[in-house]
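Below is one structure, written out as structure tokens; comments come after it.
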Amino acid sequence: MDASFGRHAPQETDQTAMASNPLVINSRITIAGWELTEQFVLAGGPGGQNVNKVSTAVQLFFDIAGSPSLPDRVKQNAIRLAGKRVSKEGVLMIEANRSRSQERNREEARERLKELILEA
């Protein structure tokens, strides 16, 4: 998304898509699906024959600063809590790559975003 992410900047071979399902944080906050962008990238490390062929790791991008779903106080706290994972423009990037499954990594990234927002 932005050069400040260094090695995490999207590449032409990556699969990037808007996340379609909304993310329910609690009874007052729901992040619309169009606000989340997912990028599937090659996962490093051990994993068998497909580790360098199948893009199973997910990078979840969320524009905290520009989100209409979050109150200003939550935005400020989330940006502070996220630290270096947020670009200068206020875009958060969460990478999940523990599983060999795209779907499990996707769920993990969304859960980590939910936890961050709840803490904020």
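Just wondering, is there one or more residues in segment 43-65 that are surrounded by fewer than 20 Cβ atoms within 10 Å (Cβ to Cβ), on the phi < 0 side of the Ramachandran plot and modelled with pLDDT of 95 or more?
yes
Quick check on my filter: what residues within segment 99-116 are crowded, with 19+ Cβ neighbours inside 10 Å and at pLDDT below 95?
Listed by number, the residues that qualify are Asn105, Arg106.
If you scan segment 25-40, which residues turn out to be surrounded by 11 or more Cβ atoms within 10 Å (Cβ to Cβ) and either of a type outside the set (D, E, K, R) or more than 15 Å from the chain's Cα centre (by Cα) (or both)?
Within segment 25-40, Ile25, Ile29, Thr30, Ile31, Ala32, Gly33, Leu36, Thr37, Gln39, Phe40 meet the criteria.
If Met93 passes every condition in (1) surrounded by fewer than 16 Cβ atoms within 10 Å (Cβ to Cβ); (2) of a type outside the set (Gly, Ala, Ser); (3) under 12 Å from Leu60 (Cβ atoms) but one, which one does it miss?
Exception for Met93: condition (1).
Of the numbered conditions (1) farther than 21 Å from Asn21 by Cα; (2) touching a residue at least 60 places away in the same chain (Cβ under 8 Å); (3) in a helix (DSSP H, G or I), Lys88 satisfies every one except a single condition; which is it?
Checking Lys88 against (1) farther than 21 Å from Asn21 by Cα; (2) touching a residue at least 60 places away in the same chain (Cβ under 8 Å); (3) in a helix (DSSP H, G or I), the one that fails is (3).
The values are calculated or read from the model by the stated rules, or taken from the named source; none is laboratory data. None of the values given here were measured: they were computed from a predicted structure. Note that each Cβ is placed from the backbone with ideal geometry, even for glycine, and that neighbours are counted across all protein chains shown.
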